[in-house]
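These notes concern the structure reproduced below.
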Amino acid sequence: MIPALKFLMYPNAMTDKFYLEEAIEDLHTLLDMTRWATSRFNDAALYFGHGTDNAWDEATSLVMQALHLPHPIFEQAGENVLNSRLTKSEREKIAELVLKRVQTRMPLPYITNEAWFCGMPFYVDERVLIPRSPFAELIQNEFAPFVESTPANILDMCTGGACIAIALAHAYPEAQVDAVDISTDALEVADINIQEHGLSHRVYPIQSDLFSSLAGQKYDLIVTNPPYVDAEDMADLPEEYHHEPELALAAGDDGLDLVDIMLKEAPTYLNDGGWLFVEVGNSEVHMSERFSGLEVIWLEFENGGSGIFAVRKDTLVQYFSSKD
């Protein structure tokens with residue numbers, strides 16, 4: 001028996017406990033523990049979609065974080081690091097995290113309180129979504145070819161943990177970034193990340209129901225990853241996603257309730273020539289029906305992902321003027 005480990009009482013708890021104790025006693029290297037974790041994840045038929053898309057990468061991430069090894073460890077030390085032997089306490093720590101992932105189906109970043117976005121680490125917990133947006137590629141490319149001049153004032157609407165806002169601040173070192181969210185809980189996490197990245201002088205968390213608290217503000221660039229999951233997809237979400245705040249996911253029957261408001265109000269807050277970038281995910285299929293005739297530019301990504309469009313201020317002004 002291993003008194004330090006706390007076993008959760010689930011239907012397969014005794015089987016999981018056996019696997020765990022056996023692994024701690026019989027396995028020895030980093031590779032052993034990674035392979036074992038992969039087998040446990042596959043056996044439990046976990047869903048992956050919060051930073052990884054398969055059991056091996058999930059297991060590797062868990063093991064590296066449990067051992068406090070640097071993110072690009074394989075680039076620095078090569079794959080021989082996998083043959084490193086582990087102490088018993090290290091094996092116990094890894095095994096306990098694996099057990100928690102299997103029994104609770106909680107996404108790994110919530111278990112370790114760490115997620116990566118744009119090559120940077122962020123604190124996350126169940127008050128915010130786990131970052132996984134294709135916006136990372138856009139930010140790293142500085143929104144080329146759309147944004148031609150460096151934006152001075154940027155808005156990250158529905159900021160959550162402020163991962164996008166902070167990445168924007170790194171991409172544009174002279175810009176001020178407003179990180180806006182309706183959730184005060186989310187903004188508490190945002191503030192943790194802003195402080196951790198030393199950006200309190202340029203990234204400002206603001207509590208606001210969309211634009212309601214931003215009267216008089218003007219931005220060169222607005223970026224938003226709002227709630228956009230439609231009712232059908234909400235009903236079909238894997239168990240892992242139910243650990244995330246529903247407020248940050250659900251957005252009506254077609255997933256576009258908040259997008260509708262943002263598209264109508266954004267021109268008031270955009271400077272002339274400004275751009276709005278919006279992520280709508282699978283709700284892309286509903287855009288043409290909800291906004292018939294609106295000419296937006298759907299973006300393609302080299303690193304995968306879809307469901308983000310770009311639209312200029314003047315395009316929005318012309319479209320909604322024609323609807324009056």
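The values are calculated or read from the model by the stated rules, or taken from the named source; none is laboratory data. None of the values given here were measured: they were computed from a predicted structure. Protein only, heavy atoms only, side chains kept; ligands, DNA and RNA dropped before computing areas. Shrake-Rupley method; radii C 1.70, N 1.55, O 1.52, S 1.80 Å.
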Within the set ILE261, ILE94, ILE192, GNM on the chain using Cα springs under 10 Å gives the largest fluctuation to ILE261
Partner aspartates and glutamates whose C-alpha sits under 20 Å from that of LYS218, ignoring same-chain residues fewer than 8 away, are GLU142, GLU148, ASP156, GLU174, ASP178, ASP181, ASP209, ASP260, GLU265, ASP272, ASP314
Rounded to the nearest 10 degrees, the helix 13-26 long axis (Cα) sits at an angle to the longest Cα principal axis of the chain of 70 degrees
Amide H neighbours of THR159 at under 5 Å, excluding residues fewer than 5 places away on the same chain, with H built from the backbone geometry, are VAL180, ASP181
Whole-percent carbon and sulfur contribution to the accessible surface of the chain (1.4 Å, no ligands, DNA or RNA) stands at 48 percent
One would report the antiparallel percent of DSSP beta bridges in the chain, rounded to the nearest 5, as 35 percent
Largest-first ranking of VAL128, VAL102 by accessible area, probe 1.4 Å, whole protein assembly kept, is VAL102, VAL128
For ARG202, the accessible surface traced by a 1.4 Å probe with all protein chains present amounts, in square angstrom to the nearest 10, to 40 Å²
In whole Hz, the Karplus estimates of ³J(HN,Hα) for the stretch 89-103 (6.51, -1.76, 1.60; θ = phi - 60°; x where Gly or Pro) are 5, 5, 5, 4, 5, 4, 4, 5, 5, 4, 4, 5, 4, 6, 6
For the chain, the longest principal axis of the Cα atoms and the Cα long axis of helix 257-269 enclose an angle in degrees, to the nearest 10, of 50 degrees
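Taking a 1.4 Å probe, which of GLU279, GLU148, GLU21, GLU142 shows the most accessible area, and what order do the others take after it? Numbers along the way, then the final one.
Numbers: GLU279 10, GLU148 170, GLU21 50, GLU142 90 Å².
The most accessible residue leads, giving GLU148, GLU142, GLU21, GLU279.
With every protein chain left in place, what is the accessible area per residue of the chain in square angstrom, probe 1.4 Å?
Working: 15470 Å² over 324 residues.
The answer is 48 Å² per residue.
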Between the Cα axis of helix 55-66 and the main Cα principal axis of the chain, the angle (0 to 90°, nearest 10) is 80 degrees
When the chain is treated as a Gaussian network with springs between alpha carbons less than 10 Å apart, the largest mean-square fluctuation among LEU27, LEU187, LEU221 is found at LEU27
Expressed in square angstrom to the nearest 10, the accessible area of LYS88 with a 1.4 Å probe stands at 100 Å²
For HIS68, the accessible surface traced by a 1.4 Å probe with all protein chains present amounts, in square angstrom to the nearest 10, to 150 Å²
Where a ≥ b ≥ c are root eigenvalues of the Cα gyration tensor, a/c under 1.5 meaning rounded, otherwise prolate if a/b exceeds b/c and oblate otherwise, the stretch 123-320 counts as rounded
Scalar couplings 3J(HN,Hα) for the stretch 122-138 by Karplus 6.51 cos²θ - 1.76 cosθ + 1.60 (θ = phi - 60°), nearest whole Hz, x for Gly and Pro, are 9, 6, 9, 8, 6, 7, 9, 5, 7, x, 7, 8, x, 4, 4, 5, 4
